[in-house]
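The values are calculated or read from the model by the stated rules, or taken from the named source; none is laboratory data. Everything numeric in this text was worked out from a predicted model, so none of it was measured. Don't worry about glycine lacking a Cβ; one is built from the backbone with ideal geometry, like all the others, and counts go over all protein chains shown. Ligands, DNA and RNA are excluded from the accessible area calculation, which covers all protein heavy atoms including side chains. Shrake-Rupley method; radii C 1.70, N 1.55, O 1.52, S 1.80 Å.
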Amino acid sequence: MSFDPEAIMNRGLLGIDPYVGGKTVQDALRKYRVSDAVKMSSNENALGVSPRAVAAATEAVARAHVYPDAASGALRERLARLFSVDPGCIIMGNGADEVIYYLAMCLVNDGDQVVIPRITFPIYEIAFRAMRAEVAHSRMRGLEIDLEDLLGRVTPSTTCVVLCNPNNPTGHALPPGEVRRFVEQVPGEVCVLMDEAYMDFAPPGQCPDSPALFREGRENLFIVRTFSKAYGLAGFRVGYGIGDPRLIALMNRIKLPFNVSLVAQHAALAALEDEEFFRKTIEVTALGREYLYREMERLGLSFVESATNFVLIDTGRDADRLCDELMRRGVIVRSAAKYGAPTSV
């Protein structure tokens, strides 16, 4: 008999479509010979990388023959001070995605239920389905997450509910008071995965202070954040989670050794100290959002008011076809068709 991987595969992989990232400049070059394309498909930092992070990473390269600190101790200590928590409440990941995978591996047994909004970042469903969870989708209110329905789908078999706020791909941020009430109403034995990858871009008062909620005693709240967006370190792959130290200890049982590279750790530490770069990123992003709002209104196009560094626009046209036409012209955007918004980019 010949080897057949599908015959012995993890059955959790059935029905999982692989995550597909945004188109790249190389894609535009290969398909249309466009070499000076403007890439807007992955929500990267338009200002690039913090100069201080570049300098720290460059210096660290000379020591790259040495394994990094497996616990990312200095980085966890710095983040612990930033959020006024114990370092034992923080786990570092090779990007936030890795942290989400660790959480899924720790919380799900065959047949456990996980509740995920219908329109949100697809990595949650991939990670939990791979662990053979039953995924229940909560409905949306248009393009806004319906917190009442998300809560209403929790059952005795639910181990985790997922909330991305501000949400990807819509950019919409839920009111702080509603999020607080939601977290307080989730049963204490159910983990709340709060993905706040874009929280840094939210205008003041538009999003909840989730670390404060955690410090108040919400032991079932697990917060995920990243250095990829506002800190401009997408290529370094540094993310982290904040949660109950008992949960962090479980995740550390399976965490890959040396998962955050020496260079990435030094870059992230320096990025945290570059307050000027961070401030300018938030400032320029806010100005860019307002510019897009004005131009979309002038063109008569509807859009979702965003608390992130991207804006979801309903073009009224086939999104896949429009993305291809724009790439032909050197502008790379992303279709939201797979998210249930067939005319939005």
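Things worth noting here:
- Qualifying position, being under 25 Å from Val99 (Cβ atoms), under 20 Å from the mean Cα position of the chain (by Cα) and in a loop (DSSP other than H, G, I, E, B), among Phe258, Phe310: Phe310
- Scanning the stretch 165-220 for residues that are open to solvent by 20 Å² or more (accessible area, probe 1.4 Å), more than 21 Å from Gly239 (Cβ to Cβ) and not in a loop (DSSP other than H, G, I, E, B) returns Pro176, Gly177, Glu178, Arg180, Arg181, Glu184, Gln185.
- All conditions in (1) without any contact (Cβ under 8 Å) to a residue 40 or more places away in the chain; (2) under 11 Å from Asn94 (Cα atoms) hold for Glu283, with the sole exception of (2).
- Within the stretch 6-32, residues that are farther than 11 Å from Met327 by Cα sit with their Cβ atoms under 7 Å from residues that are in a loop (DSSP other than H, G, I, E, B) and polar (S, T, N, Q), at 6+ positions apart or across chains, in these pairs: Gly21/Ser42; Gly22/Ser41; Gly22/Ser42.
- Of all residues in the stretch 154-164, those satisfying the criterion of being of a type outside the set (Val, Ile, Thr) and open to solvent by less than 10 Å² (accessible area, probe 1.4 Å) are Cys160, Leu163, Cys164.
- Residues located in the stretch 270-302, provided they are in contact with a strand residue (DSSP E or B) (Cβ under 6 Å, 6 or more places away or on another chain) and open to solvent by 60 Å² or more (accessible area, probe 1.4 Å): Ser302
- In the set (1) under 20 Å from Thr58 (Cβ atoms); (2) open to solvent by 50 Å² or more (accessible area, probe 1.4 Å); (3) assigned to a helix (DSSP H, G or I), the condition left unmet by Gln265 is number (2).
- Qualifying positions in the stretch 203-229 - among the aliphatic types (A, V, I, L, M) and within 14 Å of Glu178 (Cβ to Cβ): Leu213
- Close contacts from the stretch 201-223, counting a first residue that is free of Cβ contacts under 8 Å to residues at least 12 places away in the same chain and a second that is among the acidic types (Asp, Glu), with Cβ to Cβ under 9 Å and a gap of 6+ residues or different chains, come to none at all.
- Residues of the stretch 189-209 satisfying the condition of being modelled with pLDDT under 95 and over 16 Å from Ala230 (Cβ atoms): Gly205, Pro208, Asp209
- In the stretch 24-52, the qualifying residues are those that are open to solvent by 100 Å² or more (accessible area, probe 1.4 Å) and more than 17 Å from Thr281 (Cβ to Cβ), and the one that is modelled with the lowest pLDDT is Lys31.
- Helices (runs of 4 or more DSSP H) lying entirely in the stretch 74-153 (those with 1 or more residues that are open to solvent by 10 Å² or more (accessible area, probe 1.4 Å), over 30 Å from Leu272 (Cβ atoms) and aliphatic (A, V, I, L, M)): 123-130, 147-152
- Failed condition for Tyr240, given (1) closer than 20 Å to Leu75 by Cβ; (2) open to solvent by less than 10 Å² (accessible area, probe 1.4 Å): (2)
- Sole residue being among the hydrophobic types (A, V, I, L, M, F, W, C), in contact with a strand residue (DSSP E or B) (Cβ under 8 Å, 6 or more places away or on another chain) and without any contact (Cβ under 8 Å) to a residue 12 or more places away in the chain, chosen from Ala133, Ala80, Ala96: Ala80
- Annotation: of all residues in the stretch 316-345 being within 26 Å of Ile282 (Cα to Cα) and either modelled with pLDDT under 90 or assigned to a loop (DSSP other than H, G, I, E, B) (or both), the one that is most open to solvent (accessible area, probe 1.4 Å) is Arg334.
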